[in-house]
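The values are calculated or read from the model by the stated rules, or taken from the named source; none is laboratory data. Every value quoted in this text rests on a predicted model; they were computed, and no experiment measured them. Cβ atoms come from the backbone with ideal geometry, glycine included; neighbour counts cover every protein chain shown.
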């Protein structure tokens, strides 16, 4: 598993002009040298120069700092960028801190950027909020409606693409309670939401109801269906723009990078299923046979592809492709068009017929590669925090909805 700990966020960035790139490299080199002497925060901060008027510079600086697994880096990142007012810097800060966590660097909760709760509805409007899709096919759908429609103002559902409704709760929340409601999700690590047309949320609820209308949670929704449909109108899907075949390769490569991101950590196989494959990779690296570097890489790649086939069997891939399309809609609703198209390209790659020389789907291969790398780091440093997907098997995630 050598050479797989790449920087998390510089892949999507346009290169800096040569002069700026050289200046940034010099600043980071000075910082690396200073970190060896354990200086105080203010000394470290003085070695770096954020540029509030130059977003590209700041994003490259964040990416470079995220590649330094040193305990002094998270406080330094927060000191430099936690006060930013723009979404791009705050999201890059969040990614950088998360990446440091995956490499075993402690990050105090107060250093993480504070997430704003989704905006409440205005007047008599209905508003929908969607969570990402988790690797077990579950997601949270929240509908905010006027209290007079259902008798409560928050309809909170946890849906499964296999079983339909897992939970369905109608809440009547006052303004102060709404803040506590969103805080509950943040404390469980669920901070990314997409605003959605209520008609699309209704389509997701109806799809779940069609899978199983007899369970307790489905019955709770069934009692509200008619009133909800009268208020929201007909259900409708989210249309994804077709991909230009000429750009399929570029978007597919971007999907490889997205597989390393925090939204897909819940898609990773559990740790116990990864350990045998990590042992197989280690056997190749420790083999007494004299192999060229190229032969070694081919054998390692062969083991990785075997792991992908075993952990994500071909029979299950249509389901994974549908989950990716649901995530493409999620990114599109968030306004992240490039990410949406990359995930859509990954879904098409999973659905494509594969010849013997095609290799395994790019997205799944990257997901397994990242999971193996993280498992290896956890074995070397047991106290390092693990991404949830590596320790919570699909189908055993804790209940997310709280009364």
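Scan the stretch 244-255 and tell me whether some residue there is part of a helix (DSSP H, G or I), touching a residue at least 40 places away in the same chain (Cβ under 8 Å), touching a strand residue (DSSP E or B) at 6+ places or on another chain (Cβ under 6 Å) and surrounded by fewer than 18 Cβ atoms within 10 Å (Cβ to Cβ).
no
From the set of residues in the stretch 48-61 that are closer than 14 Å to residue 30 by Cβ and at pLDDT 85 or above, which is surrounded by the fewest Cβ atoms within 10 Å (Cβ to Cβ)? Don't jump to the end; show me each part of the working.
Residues of the stretch 48-61 that are closer than 14 Å to residue 30 by Cβ, as a first pass: 48-49, 61.
Of the ones still in play, those that are also at pLDDT 85 or above are 48, 61.
Details: 48: 18, 61: 26.
Filtering the stretch 48-61 for residues that are closer than 14 Å to residue 30 by Cβ and at pLDDT 85 or above, the one surrounded by the fewest Cβ atoms within 10 Å (Cβ to Cβ) comes out as 48.
Which of (1) in contact with a helix residue (DSSP H, G or I) (Cβ under 8 Å, 6 or more places away or on another chain); (2) surrounded by 19 or more Cβ atoms within 10 Å (Cβ to Cβ); (3) modelled with pLDDT under 95; (4) outside the structural domain of residue 321 (by TED's automatic domain parsing) is the odd one out, the single condition residue 168 does not satisfy?
Unmet for residue 168, out of (1) in contact with a helix residue (DSSP H, G or I) (Cβ under 8 Å, 6 or more places away or on another chain); (2) surrounded by 19 or more Cβ atoms within 10 Å (Cβ to Cβ); (3) modelled with pLDDT under 95; (4) outside the structural domain of residue 321 (by TED's automatic domain parsing): (3).
Does residue 159 satisfy the condition of being in the same structural domain as residue 225 (by TED's automatic domain parsing), touching a strand residue (DSSP E or B) at 6+ places or on another chain (Cβ under 7 Å) and at pLDDT below 95? Steps first, please.
Numbers: in the same structural domain as residue 225 (by TED's automatic domain parsing): yes; touching a strand residue (DSSP E or B) at 6+ places or on another chain (Cβ under 7 Å): yes; at pLDDT below 95: no.
Against the criterion (in the same structural domain as residue 225 (by TED's automatic domain parsing), touching a strand residue (DSSP E or B) at 6+ places or on another chain (Cβ under 7 Å) and at pLDDT below 95), residue 159 does not qualify.
Scan 64, 20, 72 and give me the residue that is at pLDDT below 90 and either farther than 20 Å from residue 108 by Cα or surrounded by 15 or more Cβ atoms within 10 Å (Cβ to Cβ) (or both). Break it down stepwise before answering.
Numbers: 64 fails: at pLDDT below 90; 72 fails: at pLDDT below 90.
Of 64, 20, 72, the one residue that is at pLDDT below 90 and either farther than 20 Å from residue 108 by Cα or surrounded by 15 or more Cβ atoms within 10 Å (Cβ to Cβ) (or both) is 20.
Can you name the residue in the stretch 198-217 that is in a loop (DSSP other than H, G, I, E, B) and out of contact with any strand residue (DSSP E or B) (no Cβ under 7 Å at 6 or more places or on another chain) and, of all such residues, is surrounded by the most Cβ atoms within 10 Å (Cβ to Cβ)? Give the derivation first.
Filtering the stretch 198-217 down to residues in a loop (DSSP other than H, G, I, E, B) leaves 212-215.
Those left that are additionally out of contact with any strand residue (DSSP E or B) (no Cβ under 7 Å at 6 or more places or on another chain): 213-214.
On the way: 213: 14, 214: 9.
Top of the filtered list is 213.
Collect the residues in the stretch 259-279 that are crowded, with 17+ Cβ neighbours inside 10 Å and not in a loop (DSSP other than H, G, I, E, B), keeping them in residue-number order.
If the condition is that a residue be crowded, with 17+ Cβ neighbours inside 10 Å and not in a loop (DSSP other than H, G, I, E, B), then 262, 263, 264, 265, 266, 267, 271, 274, 277, 278 are the ones that fit.
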